[in-house]
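> Before I ask anything, here is the structure I am working with.
The values are calculated or read from the model by the stated rules, or taken from the named source; none is laboratory data. Computed from a prediction, not measured in an experiment: that's the story for all the values here. Cβ atoms come from the backbone with ideal geometry, glycine included; neighbour counts cover every protein chain shown.
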């Protein structure tokens with residue numbers, strides 16, 4: 001397995017490297033994740049692939065604190081965050097976009113975005129995560145919030161036109177845009193994306209994938225991308241990890257994985 | 001004419017209380033049967049304090065404080081463990097709390113009807129020699145519920161705390177992943193429900209008498225108003241509350257109070273047949 005340093009481009013921010021060590025998690029008597037280790041480097045896309053029930057979603061849920069890992073470590077910039085709840089994880093810099101275009105349908109577009117800034121208030125408890133390179137964490141002022149909102153509208157122009165509309169009225173592509181915009185407003189270092197292309201038209205899906213690439217290349221985010229569509233994910237990913245029954249069965253450069261015919265037939269279905 | 005004015009005013013007062021109950025529901029997203037029980041119990045507390053201290057306002061303040069404490073305490077002790085369970089579990093717990101409070105009130109304060117003092121004179125105001133059929137206490141009550149309901153509606157819609165509460169209630173998972181401490185927000189929601197309940201109890205009881213079940217119908221009609229107006233709309237809560245309050249006041253006044261529950265049910269059925277999401281529902285109903 002290649003290390004984060006090999007995956008990430010030169011000069012990447014070490015404090016944004018996400019390392020999982022022997023992560024075990026499950027539901028009741030079921031072990032869905034059975035000792036998974038991986039390393040996701042800054043400014044790189046790590047695709048997590050595998051069949052239904054391989055443990056992909058559980059992996060993200062364990063990292064973001066939606067379920068508590070039974071064993072193992074979740075290291076961000078070297079600080080172990082395993083066992084924190086989601087409210088703390090997002091303050092530490094891990095943003096999770098769950099599956100299913102999770103907008104809050106009853107709120108307006110702008111309200112959804114404002115929810116994205118709720119983690120600005122309230123301190124992170126427990127072991128400190130090393131400060132990231134670049135600008136310091138946003139001040140908690142009204143002006144900062146307005147500026148962040150404007151920035152989001154600038155990047156996602158279709159949302160600006162619909163800011164007063166209920167999120168329920170958005171199209172699938174706009175919803176995906178909104179949830180990603182909301183996650184970005186938390187100013188994360190690590191973005192966990194669960195099936196962002198699910199249910200989208202092919203053209204919209206391409207746009208979302210382009211956006212993911214942009215977030216990694218231009219914003220230097222550490223991206224962990226869970227995808228059912230392995231072909232599309234490997235096309236944009238730097239590194240790929242294949243899960244089967246809760247264990248890592250392959251971990252390599254994305255191009256190497258895509259070229260491995262046996263692996264593709266066995267686990268990736270293309 | 002005087003009668004009509006009286007019925008209208010009383011309809012507005014009850015309507016605004018229904019609206020407050022409907023609004024509060026948005027803060028917790030839990031059909032909270034205990035809210036009526038908390039209102040009744042805190043009103044008894046108010047009576048006892050007024051009786052002992054001789055001060056109406058001491059009772060008023062203690063009742064509101066008791067409402068906050070009771071609401072927060074219930075949430076922290078018995079509601080929080082149901083948070084990750086199916087929603088019905090929480091509802092059943094609130095029914096248990098209602099039964100507990102009503103039983104406890106009977107034991108502590110007795111089951112008989114008690115009259116509750118009004119803050120001001122209840123003799124009718126007059127313009128010149130024309131009686132208006134409205135007392136100073138009626139005016140105080142109307143003003144208090146109006147201000148409270150509008151403040152609640154505005155706070156829910158326009159403040160960060162209100163947004164936090166709505167986000168937590170609508171989608172707890174997204175709210176937590178966004179950094180909202182949902183458990184804490186729900187405690188505040190319950191404290192608010194206790195506070196509004198206590199206020200409603202103190203304001204309504206001078207005109208209805210107080211007994212262990214006296215608040216039940218008010219809260220049932222509050223939920224009815226919420227459904228009529230549309231569960232996710234603050235405007236709907238206020239309009240639904242007023243509509244139901246005034247309608248029921250006329251029905252009770254002109255036709256007899258036995259009919260109010262029937263009419264409330266009738267209105268509910270008709271509204272749901274025409275607009276299944278409620279009058280002001282923004283989300284369209286999904287047809288499966």
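> Would you mind telling me which numbered condition in (1) within 14 Å of chain A (Cβ to nearest Cβ); (2) on the phi < 0 side of the Ramachandran plot residue B:274 fails?
It is condition (1) that residue B:274 fails.
> Among the residues of the range A:92-117, count how many are over 19 Å from residue A:221 (Cα atoms), modelled with pLDDT under 95 and more than 7 Å from chain B (Cβ to nearest Cβ).
Matching residues across the range A:92-117 total 5.
> Still on this structure, I have one more. Being surrounded by fewer than 19 Cβ atoms within 10 Å (Cβ to Cβ), modelled with pLDDT of 90 or more and within 19 Å of the chain's Cα centre (by Cα) is the requirement here; does residue A:207 meet it?
On the way: surrounded by fewer than 19 Cβ atoms within 10 Å (Cβ to Cβ): yes; modelled with pLDDT of 90 or more: yes; within 19 Å of the chain's Cα centre (by Cα): yes.
For residue A:207, the condition - surrounded by fewer than 19 Cβ atoms within 10 Å (Cβ to Cβ), modelled with pLDDT of 90 or more and within 19 Å of the chain's Cα centre (by Cα) - is met.
> Now for a different question. When the range B:201-252 is examined, which residues are found to be within 30 Å of residue B:107 (Cα to Cα) and in a loop (DSSP other than H, G, I, E, B)? Walk me through it before giving the result.
Filtering the range B:201-252 for residues within 30 Å of residue B:107 (Cα to Cα) gives B:201-223.
Scanning the range B:201-252 gives B:209, B:211, B:212, B:213, B:214, B:215.
> Another question, then. Taking the stated definitions as given, is residue B:163 modelled with pLDDT of 90 or more, part of a helix (DSSP H, G or I) and away from every other protein chain (no Cβ under 14 Å)?
Values: modelled with pLDDT of 90 or more: yes; part of a helix (DSSP H, G or I): yes; away from every other protein chain (no Cβ under 14 Å): no.
Answer is no for this residue.
> Okay, moving on. Could you please let me know if residue B:231 is closer than 23 Å to residue B:95 by Cα, touching a residue at least 60 places away in the same chain (Cβ under 8 Å) and touching a strand residue (DSSP E or B) at 6+ places or on another chain (Cβ under 9 Å)?
Details: closer than 23 Å to residue B:95 by Cα: yes; touching a residue at least 60 places away in the same chain (Cβ under 8 Å): yes; touching a strand residue (DSSP E or B) at 6+ places or on another chain (Cβ under 9 Å): no.
Criteria not met by residue B:231.
> Looking only at the range A:68-96, which residues are on the phi > 0 side of the Ramachandran plot, in contact (Cβ under 8 Å) with a residue 40 or more places away in the chain, surrounded by fewer than 21 Cβ atoms within 10 Å (Cβ to Cβ) and assigned to a loop (DSSP other than H, G, I, E, B)? Give the steps one after another, and end with the answer.
Within the range A:68-96, the subset on the phi > 0 side of the Ramachandran plot is A:72, A:77-78, A:83, A:93.
This time we only want the ones that are in contact (Cβ under 8 Å) with a residue 40 or more places away in the chain, so: A:72, A:77-78, A:93.
The next check asks that each one be surrounded by fewer than 21 Cβ atoms within 10 Å (Cβ to Cβ); those that pass are A:72, A:78.
Residue satisfying the conditions is A:78 alone.
> Specify which of the listed residues (B:9, B:5, B:23, B:31) is touching a strand residue (DSSP E or B) at 6+ places or on another chain (Cβ under 7 Å), at pLDDT below 90 and surrounded by 15 or more Cβ atoms within 10 Å (Cβ to Cβ).
On the way: B:5 fails: surrounded by 15 or more Cβ atoms within 10 Å (Cβ to Cβ); B:23 fails: touching a strand residue (DSSP E or B) at 6+ places or on another chain (Cβ under 7 Å); B:31 fails: touching a strand residue (DSSP E or B) at 6+ places or on another chain (Cβ under 7 Å).
Unique residue meeting the criteria: B:9.
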